[in-house]
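Here the structure comes first, spelled out in structure tokens, and everything after it is commentary.
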Amino acid sequence: MTSLVVIFILLFLAFVHEQVGKQENVKDNLLAELQKQLKDANLQKDNIRKEGDAVVIIVPEGLMNFETGKSDLKDGGKAFLAKYFPPISNLLFSKFSGDIDSLIVEGYTDRQRVPGMTDEQGEARNLQLSQDRSMKVVEESLHDLEGPERAAERDFFLDRLSASGRGEQWAKKDGGPTNNPEYRRVIFRIRVRSTALTEAAEKIKASLRQ
């Protein structure tokens, strides 16, 4: 009995390792495709990269503009989304639909304070501001997918697209200046699905039935 348990554990580990390798291949392919799609977007090479179980696109303030202290997208930000989000959406839907777990739009702020606010009040305000901005990006992105010819694609993203305000998280981690445009950014986090544990469990169950 003990030897059977050891065999199953080894099978489990081997299968998980295989599935993790498949996930890495998907991320590598996705990264390469996104770099092609965004080659003329004026992004630094490191702004499109792998992070954990995801591929991220980091869009700095210079390309994703908002009104100062507000969540309203300026024309430059709208133009960026109108130009680049539809082809990225089409890429994910047509080539990676079975591999994408979620697409999270993360908003970040610097550590500026409105006069008269305490640090705690300022931090709470920036958290809400980042949430509102990320939600605005989601809304604008879905707007760019309107039309009956893109209905299936839009539904695909409605199931996976979400907004997440991260406030001063980046700025606090880095510890830089209070007013720094480098911290005011939007990140598209494209999480790649990992079915390793589920599939491994099913494989072990099948082995036990034999």
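Values in this text are rule-based calculations from the coordinates and carry no lab data. Please read all numbers here as calculations on a predicted model, not as lab measurements. Note that each Cβ is placed from the backbone with ideal geometry, even for glycine, and that neighbours are counted across all protein chains shown.
Here are the numbers:
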| read-out | value |
| --- | --- |
| Set of lysines with alpha-carbon distance to K173 below 20 Å, sequence-local pairs under 8 removed | K50 |
| Full-stretch length increase - S162, Q121 - with 0.36 nm per residue and alpha-carbon distance subtracted | 12.2 nm |
| Other-chain or far-sequence residues with amide H under 5 Å of F66's (modelled H) | K74 |
| Virtual spin-label span in nm between N29 and E149, 7 Å along Cα→Cβ | 2.6 nm |
| Under the Karplus curve 6.51 cos²θ - 1.76 cosθ + 1.60, θ = phi - 60°, whole-Hz ³J(HN,Hα) for the stretch 101-114, x wherever Gly or Pro sits | 8, 6, 10, 10, 9, 9, x, 10, 10, 8, 10, 5, 10, 6 |
| Neighbour-limited loop hits for trypsin sites (Lys or Arg not before Pro), the stretch 25-72 (at most 16 other Cβ within 10 Å; DSSP other than H, G, I, E, B) | K39, K70 |
| Under 5 Å, built H, 5+ apart or other chain: amide partners of A163 | V105 |
| Counted charge near G62, where neighbours are those whose Cβ lies closer than 13 Å (Asp, Glu -1; Lys, Arg +1) | +1 |
| For A54, distant residues with modelled amide H under 5 Å away | V192 |
| Those lysines that a straight Cα-Cα span of less than 16 Å connects to K39, excepting residues fewer than 8 apart in one chain | K83 |
| DSSP-assigned coil residues among GluC sites (Glu not before Pro) in the stretch 56-158, each with at most 14 further Cβ atoms within 10 Å | E67, E146 |
| Residue list for the stretch 56-87, given a label point 7 angstrom along the Cα-to-Cβ vector of Q37 and an amide N cut-off under 20 Å | 56-61, 63-65, 77-87 |
